[in-house]
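For reference, the structure discussed in these notes is given below.
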Amino acid sequence: MNSTANPSAIQRPDYQLSDSLWARSGAIYLTGTQALVRVLLMQRQRDAARGINTQGFVSGYRGSPLGMVDQAIWKAGPGFKDAGIRFVPAINEELAATQVLGTQRVESDPERTVDGVFAMWYGKGPGVDRAGDALKHGNAYGSSPHGGVLVVAGDDHGCVSSSMPHQSDHAFAAWSIPIVQPASVAEYLEFGLYGYELSRYSGAWVGMAALSEVVESAGTVDLDLIDSRIASWADADTVRAATGHRAPADGLHYRWPDLPSLRIESRLADKLEAVAAFSRARAPRSASSPVARRTTT
């Protein structure tokens, strides 16, 4: 979705570069990297508007085309932490994924101070391969109902800054992680928020491709248009009513303890059934392409 913002909305004499992250409405100009950071801020705002007390968490490891995510967060200043989102730069991709896994335990902790924690992992394509075991386990254990996990994979199909081309779809599919494929900076915002809703509904971690051609680009985005589209999304009850989907008796989400058993494996299939139901009832569409692409084994 290449946002065609209203020209009068663009011509704002009070516009500031910081609006890329902090503006609540109107047209903004931002990069793909800034859009990833902004998704976290928008998810926090969206939860607060619905009366859900959440906090955000982000961890990953730099590498082109996601080499500037940490810089974008640091440049956001103390306002990022004040907004209820914690950033922990990781020593490597596996530790980042393990930290993200831990955030989904919060909702089952009787001493928690928030309703849940939504999290984002990010890493270059080879980092997806390196962190495969941690990501696979995280998805198998699952997300929490008021948390959710977005796994952002910086893919370099053209081998512009890599020793060889890489594409993370096949790895995600092997781990039963559904995937969304944004094709523009504007779609990063909508697909990212969609991914968190999908993760909360299905209990799965959701992969999001960040192709170098998109994440390293920039553009004008109409926040009012995105807000109006998001407002039309069906809630979880509507999804169940429209599709007849019912979760299994033991649920789809993170639980503790979850001891090794065949049920962990079969629950992955249950999660993908939930993904399919959610996508049928609630996949928003852009003017040119579907918003969500679901990849399963």
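The table that follows gives values for the structure above.
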read-out	value
Those residues of the stretch 200-224 which are open to solvent by less than 10 Å² (accessible area, probe 1.4 Å) and either free of Cβ contacts under 8 Å to residues at least 40 places away in the same chain or under 15 Å from MET42 (Cβ atoms) (or both), in sequence order	MET208, VAL221, LEU223
Restricting the stretch 239-269 to residues that are of a type in the set (Asp, Glu) and under 11 Å from TYR141 (Cα atoms), the residue that is modelled with the lowest pLDDT	ASP258
Residue among PRO182, PRO178 that alone is touching a Phe, Trp or Tyr at 6+ places or on another chain (Cβ under 6 Å) and not polar (S, T, N, Q)	PRO182
Selected residue (only one of PRO89, PRO65 is without any contact (Cβ under 8 Å) to a residue 60 or more places away in the chain and part of a loop (DSSP other than H, G, I, E, B))	PRO89
Any hit, the stretch 31-38, residues being open to solvent by 10 Å² or more (accessible area, probe 1.4 Å) and among the basic types (Lys, Arg)	no
Residue selected from the stretch 225-264 under the condition among the charged types (D, E, K, R), touching a helix residue (DSSP H, G or I) at 6+ places or on another chain (Cβ under 8 Å) and in contact (Cβ under 8 Å) with a residue 12 or more places away in the chain, by the criterion surrounded by the fewest Cβ atoms within 10 Å (Cβ to Cβ)	ASP250
Filter result for ARG24 (part of a helix (DSSP H, G or I) and open to solvent by 10 Å² or more (accessible area, probe 1.4 Å))	no
Index of the failed condition, ASN2 passing every other in (1) outside any helix (DSSP H, G or I); (2) modelled with pLDDT of 95 or more; (3) surrounded by fewer than 17 Cβ atoms within 10 Å (Cβ to Cβ)	(2)
Any hit, the stretch 173-184, residues being buried (at least 24 other Cβ atoms within 10 Å of the Cβ) and over 14 Å from the mean Cα position of the chain (by Cα)	no
Of all residues making up the stretch 171-213, the number that are modelled with pLDDT of 95 or more and assigned to a helix (DSSP H, G or I)	22
Selected residue [assigned to a helix (DSSP H, G or I) and over 19 Å from the mean Cα position of the chain (by Cα)] from ARG246, ARG255, ARG240, ARG229	ARG240
Enumeration of residues in the stretch 270-288 that are modelled with pLDDT under 85 and open to solvent by 40 Å² or more (accessible area, probe 1.4 Å)	ARG285, ALA287, SER288
Answer residue from the stretch 97-151, given it is part of a loop (DSSP other than H, G, I, E, B) and among the hydroxyl-bearing types (Ser, Thr, Tyr) and is most open to solvent (accessible area, probe 1.4 Å) among those	THR113
Matching residues, the stretch 68-86, being touching a helix residue (DSSP H, G or I) at 6+ places or on another chain (Cβ under 9 Å) and either touching a residue at least 60 places away in the same chain (Cβ under 8 Å) or crowded, with 17+ Cβ neighbours inside 10 Å (or both)	MET68, VAL69, ALA72, ILE73, ALA76, PHE80, ALA83, GLY84, ILE85
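Conditions (1) of a type in the set (Lys, Arg); (2) more than 18 Å from the chain's Cα centre (by Cα); (3) within 23 Å of TYR188 (Cα to Cα), marked per residue:
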site	(1), (2), (3)
SER59	no, no, yes
SER64	no, yes, yes
ASP70	no, no, yes
GLY77	no, yes, yes
ILE85	no, no, yes
ILE91	no, yes, no
SER108	no, yes, no
PHE118	no, no, yes
GLY123	no, no, yes
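The values are calculated or read from the model by the stated rules, or taken from the named source; none is laboratory data. These numbers were taken from a predicted model, which means no experiment stands behind them. Virtual Cβ from ideal backbone geometry, glycine too; neighbours counted across all protein chains shown. Surface areas here come from the heavy atoms of the whole protein model, side chains and all, with no ligands, DNA or RNA. Shrake-Rupley method; radii C 1.70, N 1.55, O 1.52, S 1.80 Å.
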